[in-house]
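Notes follow once the structure below has been shown.
Just so it is clear, none of the values below were taken in a lab; they were calculated from the coordinates. Quantities reported herein were computed from a predicted structural model and do not represent experimental measurements. Please note: Cβ atoms are built from the backbone with ideal geometry, for glycine as well, and neighbour counts cover all protein chains shown.
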Amino acid sequence: MKKVRFKWIWDVVFYVIIVTFLLGIGLFAFMQTQNRSVNGYRIFGVLTDSMIAPNNTLKEGGFRSGDILVVKEVEPSNLKVGDVVTMRLSSSTNTEDETNYLTHRIIKIDSSDSNNYQITTQGDANRSPDRPTSANDIVGKEVFRIPAVGGWLLFIREHLFLSLIIFIAGLALFWGIKQLFSKDFASDKE
């Protein structure tokens, strides 16, 4: 009975891993630029440690270099001081696909002009605030972070062909191990 349960659990884990990898690769290939969102969510890789507090700790919503952030589009009126937001840098002269982004904590919201909020942010590690930015430049609010995955995803994006070869080899190895366990299970059953 235990072996039947183990085989069933092994099969579920095997197929969940395969489906997760395939969906991840598909989503990652789709998200070649950060100007695309899926159902209002965007994925950003963290390049700097500007959100680590001076005592080397993370405040709520903080993150480290190499983390992945999932950001949800929000209405500017729903933002409040303390929220961690991602914004387009207005000084960026790049094309739409090469826009620079910054993710910092809101320290001040000026809503005196109801048509255009001015939002001031600051990195937890920074001594001075960023220039105020228009609420129209806010891409979204941080929903959650995935620690230390950014380096792997950056490698996949920059070396897609090599990553596919490694993935296929790993899949073949995983499948071979699964087959080996299946044969052991069949011989034990007899």
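Enumerate the calculated ³J(HN,Hα) couplings along the range 145-154 in order (Karplus 6.51 cos²θ - 1.76 cosθ + 1.60, θ = phi - 60°), each rounded to whole Hz, writing x wherever the residue is Gly or Pro.
Karplus values, whole Hz, x for Gly and Pro: 10, 10, x, 6, 9, x, x, 5, 5, 5.
Quick check for me: using +1 on Lys/Arg Cβ and -1 on Asp/Glu Cβ, what's the dipole size of the range 34-149 about its Cα centre, in debye to the nearest 20?
280 debye
Kindly write out, for the range 163-178 in residue order, the coupling ³J(HN,Hα) from the Karplus curve 6.51 cos²θ - 1.76 cosθ + 1.60 (θ = phi - 60°), rounded to whole Hz, with x marking Gly and Pro.
4, 5, 4, 4, 4, 5, 5, x, 5, 5, 4, 4, 5, x, 5, 4
HN-Hα J couplings of the range 5-13 from phi, Karplus 6.51/-1.76/1.60, θ = phi - 60°, integer Hz, Gly and Pro as x?
5, 4, 4, 5, 5, 4, 4, 4, 4
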